[in-house]
Amino acid sequence: MSTIRLAVVGAGRQCTASLMPGIPYLSEIELVAVCDLQRELAERNARNFGARAVYTDVETMLRQEAPDAVMVVGPPQMHEEVGLQVLQAGAHLFIEKPAAPTIEGAKRLVDAARGAGKLGQVGHMMRHADPVRVAWDLCHTEEFGEILSVESRYTTWPTRQMPPDRGWGEPDEDWTYMLVQGGHPIDLMRHFLGPIRRVGAFRRHGRGATKVYQVALEGAEGRVGFLNLQDSFNGWTTGLEVVGDGQAIVTVDDLGRVTYRRGEKRTETEKEASGNTSYLWEPHHTLPHWRRSGYGNQLRHFARCILEGKEPHPSLRDGWRNLVVGQAILEACETRQVVEVKNDA
């Protein structure tokens, strides 16, 4: 098998604008069907992205198409409910983040995939963006050394609380932030730092829905990290800095420019590094959004893992653990105490 037969459930804005545009360019994927409660939306996406079948009922689609895998994109309650349905039908599962509206729901998906013997991936696309992949490679070279610390900055427009009838669970503004936005930088932090052992955090709520969270983290492998989460800007900006014990620093700005700075000897007789040199890498400015941000790469990764029988990342377990860390951050904010994150290894 050289391709997977993929069906898509959900034809809303996120799926249409960010995830589906890359599918026609991925040779590993054959798009067989699109399903949405609004038939006109399913027909539009099937026509625009090359699916041959349209459905308004998930069960009917699963029975008639028997896809290898299903991508589910919608509110988190839909991710959990339809995700369980997909796994029970014997298909691999890709779901947009968050995996579920609750930690318990995300864990149910993990258990269901294990019980069905199927693979699952959650759409934290940032770790698959080309600049982050370049940074990952640089941070895992001999000259970079062991990772000492990771700092992640993530700034977005204010996230307001969402009522349960919108599919986002309880109307809690802080938890809504962790579901909508916080999962991305948390996943990126766990990707570079490794499993999280402890967190300490402070938060501040401002006018309207503005808020900030300042989070110190300790990894299970002794690395340390800092999350600067800003929900207070009319736009989007992000940054990543990784420091290695080889006197090297890698930074990524706005999922674009990668800067690699390392200490270097200036003369043959010097025993220690006496200066540093910077190297820059940037993606081509003409790349479309789905390629620059990692949306296309994550789907290619998902398909290849199915074809090769390998566990994808971020896995359903990662999606679950990201929510656990998010809950620990909020607990640390409430108690002003350092909070242990159990069983993240």
### Query
Under a 1.4 Å probe, what is the accessible area of the range 182-267 per residue, stated in Å²?
41
#### Entry: Cα principal axis extents for the chain, largest first, Å
71, 47, 39
### Summary
Along principal axes, largest first, the alpha-carbon spread of the range 100-249 in whole Å comes out as 52, 46, 29
### Query
Mind ordering 312-323, 40-51 by average Cβ neighbours within 10 Å, highest first?
312-323, 40-51
### Task
Please compute the Cα-Cα pair-distance distribution of the range 1-150 with 10 Å bins starting at 0, giving whole percents from short to long.
11, 37, 31, 15, 5, 1
### Query
So what's the net charge close to ALA129: Lys and Arg +1, Asp and Glu -1, counting the other residues with Cβ under 11 Å from its Cβ?
+2
### Along principal axes, Cα extents of the range 197-251, largest first, whole Å
44, 24, 12
### Query
Where does the range 1-63 land on Rg(C-alpha)/(2.2 N^0.38 Å)?
1.03
### Query
Carbon and sulfur: what percent of the chain's accessible surface (1.4 Å probe)?
47
### Query
What number, in nm² with one decimal, is the all-direction average of the projected area of the convex hull of the alpha-carbon atoms of the range 72-159?
8.0
### Mean Cβ count within 10 Å, highest first, over the residues of peptides 85-96, 57-68, 27-38
85-96, 27-38, 57-68
### Message
Please give me the summed charge of the neighbours of ASP57: other residues whose Cβ is under 13 Å from its Cβ, Lys and Arg +1, Asp and Glu -1.
### Response
-1
### Task
Could you order peptides 222-228, 235-241, 201-207, 103-109 by the average number of other Cβ atoms within 10 Å of their residues, highest first?
103-109, 222-228, 235-241, 201-207
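The values are calculated or read from the model by the stated rules, or taken from the named source; none is laboratory data. All figures in this text were calculated on a predicted structure; none of them were measured in a lab. Note: ideal-geometry Cβ built from the backbone for every residue, glycine included; neighbour counts use all protein chains shown. Side chains included, ligands, DNA and RNA excluded: accessible areas come from the protein's heavy atoms. Shrake-Rupley method; radii C 1.70, N 1.55, O 1.52, S 1.80 Å.
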